[in-house]
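Inspection log for the structure reproduced underneath, given as structure tokens.
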């Protein structure tokens, strides 16, 4: 009974409030105040009120919906409502490159008082070159709320984030942009607004151009001629407008110029395309001995260009070698640097038939890393044969150093290598190849002594220091010169004997 | 005292003789000039002294003495520059020479040419610097026949020294301290023969 009386009292209280007028909820910085127009005041906390409304929403959904319906206010529409002006604001040049960065804005002026303003929904639309229709640029409309305008100026701008360039354009030409606006009652376009103010457009018409990419530094790396399984690599560098993606297709042509295969890669401008023959399996064993050519097509989705045709690779015949038993025998067991060393390797052709194979001997010491000693071309068959090199591979700087040697072949062997390597020995530290009694040494010393003594005699004959000091002053030397000249013959023997004759 | 110590001592003696022979020679000439001045009671110029004082020794002797001086430096180069046992640089570090069959001769002749050019360069000095002319060194001294023979004998002794040094070179990097010492000994004997008149004059001459 008490509860019933309490509810009755609350209802009476509410009916009195509703009957007396509107509820005004002034919002202040300090919180909320509720006042009735009938005098007296209460100041319940706005948070309590919100909590109360939320509890109604949860506990009495039907009543709450009814309350919402009760409080719904029909959109205000009067004859004084002015359609807001919507324009495109763009600062840049209207001729742009496909990859140029763009900043396109929507500019809205809404001179209606805030009470009658409506929420605007902006949608950018784009008409591509050659297209009849417009497509939506921003995936969902941009909402301009009634309170988002600047005071007094009543305008607002919004930058379109979804269109920063025309990089994805499939063709170049005129691109038309406009803004579709809706406020719930009216739909209209920015095209409906005309203006002569610079940088403001109803329809923004951009002339989009394209800088087609180019392909530079085209090369085919690897040995030439190559084996079919050599690491061949087609390399090129894509140049063009920064940020572009270039689709590069390599076309490999056979000897008749027919396309054998093609493969594509997409690279950024500035990057390099690498087509590894082994990775794509361009060539097989059956291609040995054939000559191929290639060219590229490349494009950015708009322009597609062909290069000229380039030579390569030239694949050589690849007989399979059998290589075994590298050996080295020095002329003398002392391993002197000046001696001959006999190097040999057993070699055969694994397939029937004969081939010419080039064999090169290399020796490696600290002083001469992998010095090429000698090259031989040998005809190989099924029957193994030994290829010999009788060489002087070292010099005096190699003394007291260990050496390694290898045979390099023009073809690959049974292990897939084109060389076979083996350790040698330590070269003797002795430097001078001759003993003191060696005729060469005797000749060296004798020649040196003869040259020095005879040179001294010649100089003395020229300087005449043996007589000049005393006799020059008295004039004797002149007379003696005459006498000696009279005694001397003209032959070489006479001249030599005159060197030893006293002046 | 082992071979190495003897070699070191010998080297120091050799350097001592080489460094002192020049000053001793100049000292001898100054002393002669001073004595003549004292006897004549007048000033004797260097030019006048050198003009009157020099003695003709004969072309063959002068040629051989010249050869001996060149050979002396060749022998020194062979002993100290053929192998890098004494000095850090040597003939053995010149691969083009070592591997050349005539490398030893080229090395010796190259040294001889350099020394000959230096001696001939000194020979171009003015007359008042005659004491520096190696070609006329002996012309200021009275040399007996035996003394001349002794100086000439330096040439074969130096040849022997070169021969021993060459042997040391042929066995390098092995070493033969005895042969090195022998080479030095022959070298030292040779230089002793060559400088004897100068030291003798300095020590014994009474004017």
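The values are calculated or read from the model by the stated rules, or taken from the named source; none is laboratory data. Keep in mind that this is a model prediction, so the values were computed, not measured. Neighbour counts are summed over all protein chains in view; Cβ atoms, including those assigned to glycine, are modelled from backbone coordinates with ideal geometry.
A few points about this structure:
- Only a single item in (1) outside the structural domain of residue A:218 (by TED's automatic domain parsing); (2) surrounded by fewer than 13 Cβ atoms within 10 Å (Cβ to Cβ); (3) part of a loop (DSSP other than H, G, I, E, B) is not met by residue A:325, and it is number (3).
- Here A:315, A:321 are screened, and the one residue that is more than 14 Å from every other protein chain (Cβ to nearest Cβ) and closer than 23 Å to residue A:221 by Cα is A:315.
- Filter result (buried (at least 19 other Cβ atoms within 10 Å of the Cβ) and without any contact (Cβ under 8 Å) to a residue 60 or more places away in the chain) within the stretch B:168-185: B:170, B:182
- Within the stretch B:95-141, considering residues that are part of a loop (DSSP other than H, G, I, E, B) and within 9 Å of chain A (Cβ to nearest Cβ), the one nearest to residue A:446 (Cα to Cα): B:102
- Which numbered condition residue B:57 fails, given (1) within 8 Å of chain A (Cβ to nearest Cβ); (2) buried (at least 17 other Cβ atoms within 10 Å of the Cβ); (3) more than 24 Å from residue B:21 (Cβ to Cβ): (3)
Residues checked against (1) closer than 30 Å to residue A:153 by Cα; (2) out of contact with any strand residue (DSSP E or B) (no Cβ under 9 Å at 6 or more places or on another chain); (3) modelled with pLDDT of 85 or more:
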residue	(1), (2), (3)
A:62	no, yes, yes
A:65	no, yes, yes
A:73	yes, yes, no
A:79	yes, yes, no
A:86	yes, no, yes
A:97	no, no, yes
A:115	yes, yes, no
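- Filtered residue count, the stretch A:307-348, keeping only those that are over 43 Å from the mean Cα position of the chain (by Cα), in contact (Cβ under 8 Å) with a residue 12 or more places away in the chain and over 28 Å from residue A:381 (Cβ atoms): 8
- Leading residue by the ranking (farthest from residue A:443 (Cα to Cα)) among those in the stretch B:169-203 that are part of a helix (DSSP H, G or I) and facing another protein chain (nearest Cβ under 9 Å): B:171
- Exclusive hit being buried (at least 22 other Cβ atoms within 10 Å of the Cβ), in contact with a helix residue (DSSP H, G or I) (Cβ under 7 Å, 6 or more places away or on another chain) and under 18 Å from residue B:184 (Cβ atoms), set B:79, B:87: B:79
- Restricting B:130, B:149 to residues that are crowded, with 20+ Cβ neighbours inside 10 Å and within 24 Å of residue B:60 (Cα to Cα) narrows the list to B:130.
- Against the numbered list (1) more than 9 Å from chain A (Cβ to nearest Cβ); (2) at negative phi; (3) without any contact (Cβ under 8 Å) to a residue 12 or more places away in the chain, residue B:35 comes up short only at (3).
- Residue B:76 being away from chain A (no Cβ under 11 Å) and in contact (Cβ under 8 Å) with a residue 12 or more places away in the chain: yes
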